[in-house]
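A.B. asks: Would you mind keeping the following structure in view while I ask a few things?
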Amino acid sequence: MSRVDQRESPEPASVDVREGDYVEFVSADRGVHAISFVLDSLSSAAAQFLRASGQQGSPPLVLPGARFLVLFAGAPPGRYPFVVVGNGTEAHGAVVVREPER
């Protein structure tokens, strides 16, 4: 994550994972960045998963290399939209937890 032209910029803005994978949000600059999953846009099972695991949002990431790790072990499949707020205009992205391969 970084700020580009006064706008927060998650790169990539969307990522596909499988249940059990993790996503690491990493700050690339000295700007303030905070990630929050948009709980009212999730299925009730997905929102409950994030709440129960304490992963619904990050602390402020203020140094280059600061990290917020989200572990999707036990996560229900679906789209997990998030918002990044900080020193620039907020940005949106999503983590998509795919159905297990059969």
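The values are calculated or read from the model by the stated rules, or taken from the named source; none is laboratory data. Not measured: the values here are computed from a predicted model. Just so you know, the surface numbers come from the protein's heavy atoms only, side chains and all, with ligands and any DNA or RNA stripped out. Shrake-Rupley method; radii C 1.70, N 1.55, O 1.52, S 1.80 Å.
A.B. asks: With angles folded into 0 to 90 degrees, how steeply does helix 44-53 sit against the dominant principal axis of the chain? Use alpha carbons for both and round to 10.
C.D. replies: Roughly 60 degrees, rounded to the nearest 10.
A.B. asks: Would you compute, for the Cα atoms of the chain, the largest minus smallest coordinate along each principal axis and list the three values in descending order, in whole Å?
C.D. replies: 42, 24, 19
A.B. asks: Send over a whole-number figure in Å² for the accessible area per residue of the chain, probe 1.4 Å.
C.D. replies: Details: 5720 Å² over 102 residues.
So the chain comes to 56 Å² accessible per residue, rounded to a whole number.
A.B. asks: Then there's this: On a 1.4 Å probe surface of the protein chains, which of Asp16, Asp40, Asp29 comes out largest in accessible area, and what is the full order? Provide the component values of the computation, followed by the final result.
C.D. replies: Working: Asp16 90, Asp40 140, Asp29 35 Å².
From most exposed to least exposed: Asp40, Asp16, Asp29.
A.B. asks: Whose amide H sits under 5 Å from the amide H of Ala94, counting only residues 5 or more places off or on another chain, with H placed in the peptide plane?
C.D. replies: Amide H neighbours of Ala94, under 5 Å, 5+ apart: Ser14, Val15, Phe82.
A.B. asks: Evaluate the Kirkwood expression for the hydrodynamic radius of the stretch 16-61, namely the inverse of the mean inverse distance over all pairs of different C-alpha atoms, and round to one decimal in Å.
C.D. replies: Details: mean 1/r = 0.0826 Å⁻¹.
Here the Kirkwood hydrodynamic radius works out to 12.1 Å.
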